[in-house]
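**Student:** Have a look at this one.
The values are calculated or read from the model by the stated rules, or taken from the named source; none is laboratory data. Since this is a predicted model, take the numbers as computed values, not measurements. Because the Cβ atoms are built from the backbone with ideal geometry, glycine has one as well, and the counts that use them run over all protein chains shown.
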Amino acid sequence: MHGIVKTFPGVRALDGVDLDVRAGEVHCLLGQNGAGKSTLIKVLAGAHQPDAGTISWEGEPVTLGDPQAAMSRGIATIYQELDLVPGLTVADNVFLGREHARFGLARMASANRATADLLARLGHPEIRPTAELGSLSAASQQMVSMARALSQDARLIVMDEPSAVLDNEEVERLFGVIRELTADGVAVVYISHRLEEIRQVGDRITVLKDGRTVATGLPARETPTRQVITLMTGRDIEYVFPERSSAPRDGEPLLEVEDLGLRGRFADVSFTVRPGEIVGLAGLVGSGRSEILETICGARKPTAGTVRVAGRRLRPGDVAAAVAAGLGLAPEERKSQALLLGDSVARNISISSLRRFARAGFLSGRSEKQAAQEQVDALDVRPADVSREVRTLSGGNQQKVVLARWLLRDCRVLLLDEPTRGVDVGARSEIYALIRGLADRGVAVVVVSSEIPEVLGLADRVLVIADGSVVTEQPASALDEHRVLDLVMEKAAARSRAAGEGDVA
Ligand SMILES: Nc1ncnc2c1ncn2[C@@H]1O[C@H](COP(=O)(O)OP(=O)(O)OP(=O)(O)O)[C@@H](O)[C@H]1O
Ligand SMILES: [Mg+2]
């Protein structure tokens, strides 16, 4: 791709971008939220037409007039916002718009078989080809999208933040598939905000900033992370975690979780959070952390234990009661979560705090806008225009909008599940500062993150969760990443030993 330009009303998303991808390589495309990554790959997929610039494929200049044209040349794309049809089956989605999908029992059976094979290859034999897509988790839907790309015998597969909805094990498996593909000469364009992934799987790097290529063809393993970050952001950034406030936290606990359990998922979870405190839950994906948060806020009904907010016991399994008591949960899958895409940024941010802006029965548009603008500035949402439709924001900026919604709400206890997922390195420190700011105003905060350094840097106290139970609770300063991983592994080892003894008995 050479000199690609793409403008939207009021935005020059791409301003002369160059990208060359070789057969058999993993080419990483990096850049801050809104840099133009998704727009570039939509041009490559034939979904957007460039205003200027040229695309060559296997040495020949080509015009990719529509997605079909790109697909027929062997370019497959896994979009950031998945483009699957929830009402269709898994197999229908994999073969959407192609021969297999046409009617006929024999075809259907062969489509189902082919789909099952592809999913097995991706390490997900449990996803049934006949299941309705909408009934699957975001991670499973991602896998279906991947199966679809594989089914096309693509020469180039573009993956736009595939790891944002996958857990560590699934990411490992994905990397395995990527390595198989590239060994067969398939090229992969890989987009991610997790820089350590780039080092694991990437060959070369291209960095976009404000719609321009600022570096291209850098070696992925040898280029220092610091340099990549400086290229992306134009400044030197390290993860800066806000200072923990030194004020003694001896108030009564705001949140008290006692012996909480959900059969088959987690058991005996007890901890308290005082006003002004941030408690982190560290552990691997699948360890039960998200379920613990969901159970605390009433989205799941516990099979044991109690939750108290400011000393008052919450009715189990009652979200409305939890919200009334001042509890808020910003869940992990923010994308699939109720963004009103056609509405303005301001409305999306203030939607659950509307009561506050409705003075004497009518909505105060001005203060609604003003409060939203403050959040937008604080979180560095780009463009910083609250009247813009959310639909036109980049993926990461949409994430920030949902997060802003929760930060603006007057919660006494705020549960945050993966608050920085999909958010670029530049904006992370700002999010950390906002969370600490809430705590300093007396909110009790619980944070879950699969990035262990994030939990350790942000929280005052950390609970290490493995396999549905609390392994240890310690001040964050007493732990480091290795120690946390060791604790998690020890627990896994103890469990498999216990299982072994069980067999003997
Ligand atoms: N359909 C559209 N209409 C108007 N503006 C758009 C549209 N699509 C993208 N943009 C704008 O183009 C710019 C680039 O967006 P893009 O989605 O390519 O960013 P990105 O690099 O993929 O970011 P992220 O890391 O957040 O996914 C942003 O300013 C975005 O608001
Ligand atoms: Mg994007």
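**Student:** Just one of (1) surrounded by 14 or more Cβ atoms within 10 Å (Cβ to Cβ); (2) farther than 23 Å from P331 by Cβ; (3) modelled with pLDDT of 85 or more trips up M108, so point out which.
**Tutor:** So M108 meets the others, but not (3).
**Student:** Select, from L64, L19, the only residue that is more than 15 Å from ligand 1 (Cβ to nearest atom), part of a loop (DSSP other than H, G, I, E, B) and either touching a strand residue (DSSP E or B) at 6+ places or on another chain (Cβ under 7 Å) or at pLDDT 95 or above (or both).
**Tutor:** Numbers: L19 fails: more than 15 Å from ligand 1 (Cβ to nearest atom).
Being more than 15 Å from ligand 1 (Cβ to nearest atom), part of a loop (DSSP other than H, G, I, E, B) and either touching a strand residue (DSSP E or B) at 6+ places or on another chain (Cβ under 7 Å) or at pLDDT 95 or above (or both) holds for just one of L64, L19, which is L64.
**Student:** Moving on to the next point. Here is a list of conditions, (1) under 30 Å from L339 (Cβ atoms); (2) acidic (D, E); (3) at pLDDT below 90, and E99 meets all of them except one; can you say which number that is?
**Tutor:** The failed condition is (1).
**Student:** Regarding T77, is this residue more than 14 Å from ligand 2 (Cβ to nearest atom) and either farther than 20 Å from R204 by Cα or under 23 Å from the mean Cα position of the chain (by Cα) (or both)?
**Tutor:** No.
**Student:** Tell me, yes or no, whether segment 60-69 has at least one residue that is assigned by TED's automatic domain parsing to the domain that holds N168, within 28 Å of F175 (Cβ to Cβ) and among the acidic types (D, E).
**Tutor:** Within segment 60-69 (the criterion being assigned by TED's automatic domain parsing to the domain that holds N168, within 28 Å of F175 (Cβ to Cβ) and among the acidic types (D, E)), the answer is no, since none of the residues qualifies.
**Student:** If we keep just the residues of segment 142-166 that are at pLDDT below 85 and of a type in the set (A, V, I, L, M, F, W, C), which is nearest to ligand 2 (Cβ to nearest atom)?
**Tutor:** Across segment 142-166, the extreme among qualifying residues is A164.
**Student:** Being part of a helix (DSSP H, G or I) and either under 14 Å from G283 (Cα atoms) or not aliphatic (A, V, I, L, M) (or both) is the filter here, so list the residues in segment 478-488 that pass it.
**Tutor:** Listed by number, the residues that qualify are E481, H482, R483, V484, L485, D486, L487, V488.
**Student:** Restricting to segment 141-166, count the residues that are over 23 Å from T130 (Cβ atoms) and assigned to a helix (DSSP H, G or I). Don't jump to the end; show me each part of the working.
**Tutor:** Taking segment 141-166 as the starting set, the residues that turn out to be over 23 Å from T130 (Cβ atoms) are 153-164, 166.
Filter once more, keeping what is assigned to a helix (DSSP H, G or I): 162-164.
So the answer is 3.
**Student:** Hey, another quick one. For segment 171-190, does any single residue satisfy the condition of being under 16 Å from V425 (Cβ atoms) and of a type outside the set (V, I, T)?
**Tutor:** No - not one qualifying residue is present in segment 171-190.
**Student:** Something else now. Can you find a residue in segment 43-61 that is buried (at least 19 other Cβ atoms within 10 Å of the Cβ) and among the aromatic types (F, W, Y)?
**Tutor:** no
Okay, residues lined up against (1) outside any loop (DSSP other than H, G, I, E, B); (2) among the acidic types (D, E):
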{"position": "S38", "(1), (2)": "yes, no"}
{"position": "Q68", "(1), (2)": "yes, no"}
{"position": "A76", "(1), (2)": "yes, no"}
{"position": "E81", "(1), (2)": "no, yes"}
{"position": "G87", "(1), (2)": "no, no"}
{"position": "N93", "(1), (2)": "yes, no"}
{"position": "L96", "(1), (2)": "no, no"}
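**Student:** Only one of G24, G53 is more than 16 Å from ligand 1 (Cβ to nearest atom) and under 28 Å from L231 (Cβ atoms). Can you tell me which?
**Tutor:** G24
**Student:** Here's a follow-up. Give me a count of the residues in segment 167-202 that are surrounded by fewer than 21 Cβ atoms within 10 Å (Cβ to Cβ), more than 15 Å from ligand 2 (Cβ to nearest atom), assigned to a loop (DSSP other than H, G, I, E, B) and within 23 Å of the chain's Cα centre (by Cα).
**Tutor:** 1
**Student:** May I ask you to list pairs of residues, at least six apart or on different chains, whose Cβ atoms are under 6 Å apart, with the first in segment 263-291 being part of a loop (DSSP other than H, G, I, E, B) and the second being among the basic types (K, R) and surrounded by fewer than 24 Cβ atoms within 10 Å (Cβ to Cβ)?
**Tutor:** That search, which allows pairs on different chains as well, returns R274/R249; G276/R249; E277/R249; G288/R265.
**Student:** Turning to a different aspect of this structure: When you scan segment 459-466, do you find a residue that is modelled with pLDDT under 85, away from ligand 2 (no atom under 16 Å from the Cβ) and surrounded by fewer than 23 Cβ atoms within 10 Å (Cβ to Cβ), even just one? Break it down stepwise before answering.
**Tutor:** Of all residues in segment 459-466, those modelled with pLDDT under 85 come to none.
No, segment 459-466 has no match at all.
**Student:** Moving to a separate point now. Do the conditions hold for G59, that is, is it more than 30 Å from G234 (Cβ to Cβ) and more than 16 Å from ligand 2 (Cβ to nearest atom)?
**Tutor:** When the stated conditions are applied, G59 passes them.
**Student:** Let me ask something else. Report whether or not M71 is closer than 21 Å to V188 by Cα and at pLDDT 95 or above.
**Tutor:** In short, no.
**Student:** Let me ask something else about it. Can you tell me which residues in segment 203-225 are charged (D, E, K, R), under 14 Å from L40 (Cα atoms) and not in a strand (DSSP E or B)?
**Tutor:** Across segment 203-225, the qualifying residue is only D210.
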